[in-house]
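The values are calculated or read from the model by the stated rules, or taken from the named source; none is laboratory data. If you're wondering where the values come from, they're calculated on a predicted model, not measured in any experiment. Here Cβ is always computed from backbone atoms with ideal geometry, including for glycine, and neighbour counts include all displayed protein chains. Areas reflect the complete protein model, heavy atoms only, side chains present, ligands, DNA and RNA absent. Shrake-Rupley method; radii C 1.70, N 1.55, O 1.52, S 1.80 Å.
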Amino acid sequence: MPLLAGSITAVALAALVGAGWWLASRPRPPAPLPPGPSLPPSAAVSFEEFVGADACAQCHQAQYDLWRGSTHGRAGGTPGGVDLLVAFDGRPMRFRDAVVAPRVTAEGEYVFSVTQDGEPPRLLNVTGVIGGGHMIGGGTQGFVTGAADGTVRFLPFDYSAASDEWFCNTGGRSNRGWRPITPNLALADCGDWPPSRVLGSIERFPNCQQCHGSQITVAFDSTAHRYVTRMTALAVNCESCHGPGRRHIETMREGASESTDVGMRALTTLDTDDALEVCFQCHALKHELVAGYVPGMPFRTNYSLGLPAFGDAPLFADGRTRTFAYQEGHLASACYRQGSMTCTDCHDPHAQTYRNHTGRKLIDPFDDGQCVSCHPSKGGAESQRHTRHGPNSPGSRCVSCHMPYLQQPSVGSEIRYARSDHTIPVPRPSFDERLGVQSACALCHAGRPPETLQAQVREWYGDPPPHPPEVRGLLASLPLRDPAGAAALVLGPPGDHEMARFAGLAHFFIRYLEPDMPALPPTVAERLERVSESLDDDVAALALASLHFARGHDPVERERLDRRLRALGPREVAVRRRWVGVLVRRAAAYRAQGDPARAARTLGKALEVAPDDPRTHRELGGALSDAGRYDSALVHLRRSLTLDPAQPLALVSVAFVRIQLGDLAGGLSTYRDAALLNPHEPLVPLSWGNALLRARQFDDAARVFDQAVQIEPGLARAHFGLGAAYAQLGRQEEAIEALRRGLELNPADEGAQALLRQLGG
């Protein structure tokens with residue numbers, strides 16, 4: 001099995017039809033899906049179109065001054081150019097096996113000096129600072145460094161303003177959330193050690209997308225054989241919201257009047273959803289559909305807000321945070337669904353201070369003016385009658401009950417990182433307890449049972465209003481085994497809660513549907529078809545993907561899919577991209593479960609929707625390879641490389657498949673080609689080393705594994721491979737050292753443990 005994380009791929013339409021993807025009982029094969037429309041001309045925005053915030057000050061000094069003092073204006077920068085929460089004075093952080101000291105060198109460079117047991121000392125230069133500890137619920141400050149491959153990577157040492165201590169994120173290792181750095185913590189417990197998470201959106205690496213700065217782009221340059229990272233600033237600047245400014249400046253210099261095109265869209269003219277998406281660029285979980293987004297491009301062309309909820313379920317049924325999320329819970333709020341509330345109804349976009357929907361400035365985020373400007377009957381003299389709390393108590397504030405600050409569950413409880421609940425719910429203490437959410441009442445009355453709190457709420461206000469039907473349906477469907485019964489609950493008539501509708505449909509897909517099912521209850525198919533008429537692209541795509549996935553081999557269903565595609569009109573490209581995203585994510589889950597056959601069938605369907613997608617061909621090649629279907633795998637891997645030659649990991653898969661087909665020399669040659677294409681890709685020498693190890697070319701294997709370790713010291717499998725090669729060469733001490741290094745990073749690997757015991761380590 002090739003050592004590639006997240007490989008998947010699919011079958012070209014002609015191959016699917018030729019392979020007979022229809023029910024034997026049918027007298028005719030299914031009609032192919034209609035070809036996708038020609039994509040519109042690229043809406044790409046070049047980096048050179050951005051001019052930086054200082055250029056805006058020439059005409060917009062007042063807004064610029066507000067921005068400079070805001071949390072966006074102070075969101076990051078160079079270590080000498082922004083306020084640091086902690087002095088780089090050499091005071092050490094002590095791990096169990098390392099000492100790390102932040103300090104300033106004689107040359108004025110900010111560095112972390114790292115002294116780790118058994119390793120030579122190293123200096124990590126700080127090239128950027130992320131965050132300033134501004135957030136009320138727990139602000140942090142992190143640091144980045146430039147890597148040899150051209151990426152900019154996060155260092156694992158973060159500082160909490162609320163806790164006044166250093167901490168690191170253990171995600172990906174021990175998975176214990178954010179942990180204070182103490183002598184009980186090993187350096188390798190930090191998931192970002194050695195640094196691996198990058199700035200900018202790129203599939204290959206764990207990343208924070210383009211959010212921690214302005215106009216961050218990262219792409220692989222196949223000519224220079226390295227990554228190129230570009231950014232305007234580590235602050236969040238004017239063009240992050242308004243889009244590129246060069247054309248606007250040139251247009252206004254030419255004397256444009258107010259009635260003409262000013263070279264930039266006016267954000268005050270946006271409808272509710274477009275306005276929210278300006279903020280959701282960074283303040284929401286999102287799935288990348290098309291790479292290369294920068295502000296000024298159509299958000300929905302590049303990103304889906306729904307797909308992160310397919311499989312991962314970061315949110316509860318009512319939109320509140322289950323693991324980790326941002327402010328997308330706003331889409332679950334009645335203030336959005338039954339009103340038109342946007343982010344800037346409460347947040348001043350330039351100063352980042354608080355205001356009401358009329359623009360009147362408020363004192364702070366706890367000012368009732370945010371709410372009573374729309375709900376006047378709850379303010380003034382009536383306030384205490386509504387809150388049932390004293391006028392000066394925390395319980396008298398609107399946000400205390402309806403927007404409480406709740407700790408993000410996946411970060412744990414040791415480092416404060418709470419965010420205001422943007423679903424704006426009514427308190428339901430008993431329901432919240434069952435769901436696993438700390439209720440607003442319990443934040444102040446922690447010692448009282450939820451049933452007691454619920455009784456008090458009922459006494460004051462009566463029974464709480466029912467949840468929207470989409471939420472109720474999803475909650476009621478969770479324990480059901482019957483697909484028809486579940487469909488009746490989650491695929492009901494359209495309402496106004498598209499977020500819960502998507503979540504319910506995602507649950508239905510994953511729990512009840514399989515590729516090419518013999519049948520679906522007629523009512524289920526009918527309900528899915530009705531849901532596919534949704535005006536929400538994510539919901540429509542998921543409904544169509546459900547029908548295609550479960551019954552796409554049926555000619556009658558294919559005709560229905562054809563009709564729905566043709567009815568989409570200008571939305572077709574957006575819906576197809578999300579449709580493919582659903583199938584690719586489902587296939588990835590099948591591969592992770594060790595089911596490459598279902599993964600391949602699912603990816604074959606994805607290629608029916610987008611036949612020329614290089615990623616899907618690559619992933620299908622990986623799934624077919626997992627299933628031992630090497631000839632077919634090679635077809636799709638080569639097609640992927642024809643569509644996009646700059647894919648070293650596709651070449652790695654080709655090399656593996658060639659060796660499985662008996663072409664050792666050809667496979668090893670392909671590994672060399674992959675290494676030439678991207679000499680900074682550690683999975684190339686990792687897979688190459690495994691091939692050499694199996695071929696008993698132990699000297700070459702050790703050399704190649706060592707290259708992988710040098711490129712990515714945090715790659716445990718490379719250390720294990722190096723240890724195995726050294727063991728075969730009789731280099732026992734070096735083998736033991738390599739295995740121990742790998743086990744620091746992945747202590748659960750049983751094979752490495754066994755080899756270490758065998759060597760007496």
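Below, the figures for the structure above:
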| quantity | calculated |
| --- | --- |
| Distance from region 114-176 to region 186-241 (C-alpha centre basis), Å | 14 Å |
| With every protein chain in place, region 219-349: carbon and sulfur % of accessible area (1.4 Å) | 52 percent |
| Region 265-282 - phi-based ³J(HN,Hα) in whole Hz, Karplus 6.51/-1.76/1.60, Gly and Pro as x | 6, 8, 5, 5, 8, 6, 6, 4, 5, 5, 5, 4, 5, 4, 7, 5, 3, 10 |
| Accessible surface, 1.4 Å probe, highest first, among residues HIS617, HIS507 | HIS507, HIS617 |
| Where region 719-760 is the region considered: accessible area per residue in Å², 1.4 Å probe | 52 Å² |
| Accessible area (Å², 1.4 Å probe, nearest 10) - ARG204 | 70 Å² |
| Cross-link reach list, lysines versus LYS378, counting only Cα pairs under 25 Å and skipping chain neighbours closer than eight places | LYS361 |
| Probe 1.4 Å, all protein chains present, accessible-area order of LEU755, LEU33, largest first | LEU755, LEU33 |
| Per residue accessible area of region 331-417, 1.4 Å probe, in Å² | 53 Å² |
| Inter-part distance where region 486-521 and region 682-710 are each reduced to a Cα centre, Å | 46 Å |
| Prolate/oblate/rounded label for region 262-303 (Cα gyration tensor, a/c 1.5) | oblate |
| Exposure of ARG638 as accessible area (Å², to 10), given a probe of 1.4 Å and all protein chains | 130 Å² |
| Peptide ranges 439-451, 398-410 listed from the most packed, as the mean C-beta count within 10 angstrom indicates | 398-410, 439-451 |
| Within the accessible area of region 354-421 (1.4 Å probe), percent carbon and sulfur | 54 percent |
| Qualifying lysines (Cα of each under 26 Å from Cα of LYS605; at least 8 residues distant if same chain) | LYS286 |
